[in-house]
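A short write-up of the structure that comes next.
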């Protein structure tokens, strides 16, 4: 087998860790379980990461970066169509997130578990803070793009609007994971898009 670069090895271990956490939970995502999932040796793991905690740190960052692609400006336009209103663009972004959730619910359960893991120990708490800071940065980018595409202007600082949207998505995620009610989730998405669009002056 061809020798893997350090970057490729880290990437493969991160993907393996996500699969294990999604399938079995964080408690079962031991170093041995992760390398078994990746088809690597323990030595390979320690060549790539100093510890399991370091891998978990990288895992959260990798997952948030992946979610960024779902709400890229070009994706929003493709989903909502040319000439869409701000509310339609926001709704399109939320629906794309919801489609991502429906397609891989275990992935979002894993992210929730990782957040709880970080909150349980003071030394890991900054990890949860960083996770939500990344979410907020992602949402700010999407909201700024949506406003620019529609000629709208946010009445509040966009960071404040982003926090509201993150709260909406957290609520949407947990309630859907509990009841798997697609119709109810669609109503939440529509209500959220309407509420958020009212925080802006249209063109």
Exercise for the section: Would you check if there is a residue in the range 102-118 being more than 18 Å from residue 25 (Cα to Cα), without any contact (Cβ under 8 Å) to a residue 40 or more places away in the chain, out of contact with any helix residue (DSSP H, G or I) (no Cβ under 6 Å at 6 or more places or on another chain) and surrounded by fewer than 17 Cβ atoms within 10 Å (Cβ to Cβ)? Expected result: yes
Practice task
Working only within the range 151-193, note down all residues that are over 16 Å from residue 94 (Cβ atoms), in contact with a strand residue (DSSP E or B) (Cβ under 9 Å, 6 or more places away or on another chain) and touching a residue at least 24 places away in the same chain (Cβ under 8 Å).
Solution key: 152, 153, 154, 155, 156
Problem - Residue that is surrounded by the fewest Cβ atoms within 10 Å (Cβ to Cβ) [pool: residues in the range 75-88 that are part of a helix (DSSP H, G or I) and at pLDDT below 90] - result: 78
Completion exercise
Scanning the range 1-43 for residues that are surrounded by fewer than 17 Cβ atoms within 10 Å (Cβ to Cβ) and over 21 Å from residue 60 (Cα atoms) gives 1, 2, 3, 4, 5, 39, 41, 42, 43
Practice task
Quick one: residue 171 ticks every box in (1) within 18 Å of the chain's Cα centre (by Cα); (2) surrounded by 17 or more Cβ atoms within 10 Å (Cβ to Cβ); (3) over 17 Å from residue 107 (Cβ atoms) except a single one, so which number is it?
Solution key: (2)
Handout entry: Number of the condition not met by residue 18 [criteria: (1) over 24 Å from the mean Cα position of the chain (by Cα); (2) touching a residue at least 40 places away in the same chain (Cβ under 8 Å)]
Key = (1)
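Consider residue 180 carefully, then state whether it is at positive phi and over 14 Å from the mean Cα position of the chain (by Cα).
Answer is yes for this residue.
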Practice task
Quickly run through the range 44-56 and pick out the residues that are surrounded by fewer than 19 Cβ atoms within 10 Å (Cβ to Cβ) and part of a helix (DSSP H, G or I).
Solution key: 44, 46, 47, 52, 53, 54
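The values are calculated or read from the model by the stated rules, or taken from the named source; none is laboratory data. No experiment lies behind these values; they were computed from the predicted model shown. Neighbour counts run over all protein chains shown; Cβ positions are idealised from the backbone, glycine included.
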